[in-house]
Amino acid sequence: MIVLGLETSCDETSAAIVRNGCAILSNTVASSLEFHKKYGGVIPEIASRMQLETITGITESALEKAGKKLKEVDLISVTNRPGLIGSLLVGISFAKALSLSLNKPLIGVNHVYSHFYANFLNGEKIRFPFIALVVSGGHTNLFFVRDFDKIDLLGQTQDDACGEAFDKVAKILGLGYPGGPVIERMAKLGDPKKIKFNCSGTKNELNFSFSGIKTAVLYYARDRRLSLKHKQDICASFQEAVIEALIRKAIAACKIKKTPRLVVGGGVVANQRLRKKFHQAAQGLDLKCYFPQTFLCMDNAAMIAGLGYQLFKKGYRSDLNLSLDLNGRRVC
Ligand code: KG4
Ligand code: ZN
């Protein structure tokens, strides 16, 4: 089954062709990041305008790279939640127009769930149930996943998302946007033990909080003249504390649910230090950690096509009333 995936929940416009939920024939991504940089964050109006201008070309390019024609597409799978209103509307409207004109089925997919689905692309076999940790610019969630349509929320951030904290700390240190990649680069040259930063505790041990550590960095940096070395140490110490909190909570969830499989996804998971520390922590615990290929950590349409296929196989369908659902946790 050939699925066209469409993803426009934040600043990316992406289209992908995926066969049978796992073989990526193409995965084309355009980002409006360059236009947001000077503002230090994503400006929704700029994102949706760019998406409107690029979605047709991106889709044509995905089809061409896959060597497929529109009429060969069997299903159209589109992100319809959560995300920026204008951005989501561009993808949903485009998907509905294609579905109507081609007379092909349509399915709306939850972007957050698709982040852990990225692990299933290229044929990885992972047994249910498992714990999923999604760490992105907009979300930090722990799920107990019994099937692709049976997903229980165990914990979530009480304030900033993890990627958002990376972005804000980078802004405080004058390192630019997005913060994750530059903090990782700086951290490689810094001492992670130099400054004692901690993520705040939460009432529910499976919830997260990142605004406290961000403020701690702000207070630490505010009254000092920071040398490059000093900034590298701050980045390394901040990154280490965040990774430590993510590992601690993910392992706690695995223990509570007695699940030896941990499936991780989202933009922050592109971080190599994070991967290394997770693998180290899992050793000796009889726990297997799964990570997507790095290029599948960021927002992309292949993960939307893949999850859409799995839900379609289970009998889920959307119709032309499909709309956005800003905070919805439904699977379809
Ligand atoms: O999943 P994603 O592409 O978009 C959302 O759905 O939010 O995640 C983007 C986030 C940004 O906050 C970015 O700073 C962070 O992922 N990120 C990283 C790294 N690469 C991207 N965070 C830490 N280390 C990285 N290497
Ligand atoms: Zn995302």
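The values are calculated or read from the model by the stated rules, or taken from the named source; none is laboratory data. In this text, all values refer to a predicted model and were calculated from it rather than measured experimentally. Glycine gets a Cβ as well: all are built from the backbone with ideal geometry, and neighbour counts include every protein chain shown. Surface areas here come from the heavy atoms of the whole protein model, side chains and all, with no ligands, DNA or RNA. Shrake-Rupley method; radii C 1.70, N 1.55, O 1.52, S 1.80 Å.
A few comments on the model shown:
- Among residues of the stretch 234-253 that are outside the structural domain of Ser200 (by TED's automatic domain parsing), none has a beta-carbon under 7 Å from a residue that is part of a helix (DSSP H, G or I) and open to solvent by less than 10 Å² (accessible area, probe 1.4 Å) at least six positions away or on a different chain.
- Residue match in the stretch 1-20 (condition: over 23 Å from Pro105 (Cβ atoms), in a strand (DSSP E or B) and at pLDDT 95 or above): no
- The stretch 185-205 residues that are closer than 15 Å to Ala165 by Cβ, paired with ones that are open to solvent by 70 Å² or more (accessible area, probe 1.4 Å) (beta carbon under 8 Å, 6 or more apart): Ala187/Arg273; Cys199/Glu244; Thr202/Gln158
- Test for Phe144: is it open to solvent by less than 50 Å² (accessible area, probe 1.4 Å) and either of a type in the set (Gly, Ala, Ser) or more than 10 Å from ligand 1 (Cβ to nearest atom) (or both): yes
- Matching residues in the stretch 127-136 - criterion: being open to solvent by 30 Å² or more (accessible area, probe 1.4 Å) and either in contact (Cβ under 8 Å) with a residue 40 or more places away in the chain or within 16 Å of ligand 1 (Cβ to nearest atom) (or both): Arg127, Pro129
- For the stretch 280-310, the set of residues classified as touching a strand residue (DSSP E or B) at 6+ places or on another chain (Cβ under 6 Å) and part of a helix (DSSP H, G or I) consists of Ala282, Ala302, Ile304, Ala305, Gly306, Leu307, Gly308, Tyr309, listed by residue number.
- Arg19 being more than 19 Å from the chain's Cα centre (by Cα), open to solvent by 50 Å² or more (accessible area, probe 1.4 Å) and closer than 29 Å to Gly174 by Cβ: no
- The set of residues in the stretch 41-79 being open to solvent by less than 30 Å² (accessible area, probe 1.4 Å) and modelled with pLDDT under 95 consists of Gly41, Ala47, Ser48.
- Residue in the stretch 113-121 that is farther than 21 Å from Ile58 by Cβ, open to solvent by less than 50 Å² (accessible area, probe 1.4 Å), within 16 Å of ligand 2 (Cβ to nearest atom) and without any contact (Cβ under 8 Å) to a residue 60 or more places away in the chain present: no
- Test result for Leu106, touching an Asp or Glu at 6+ places or on another chain (Cβ under 8 Å) and more than 15 Å from ligand 1 (Cβ to nearest atom): yes
- Filter pass, His139 being within 16 Å of ligand 1 (Cβ to nearest atom), of a type outside the set (S, T, N, Q) and open to solvent by 50 Å² or more (accessible area, probe 1.4 Å): yes
- Among the residues of the stretch 262-274, just one is open to solvent by 30 Å² or more (accessible area, probe 1.4 Å) and not polar (S, T, N, Q), namely Arg273.
- Of all residues in the stretch 286-310 being within 14 Å of Asn20 (Cα to Cα) and out of contact with any Asp or Glu (no Cβ under 6 Å at 6 or more places or on another chain), the one that is surrounded by the fewest Cβ atoms within 10 Å (Cβ to Cβ): Gln310
- Breaking point among (1) more than 16 Å from ligand 2 (Cβ to nearest atom); (2) buried (at least 22 other Cβ atoms within 10 Å of the Cβ), for Ala97: (2)
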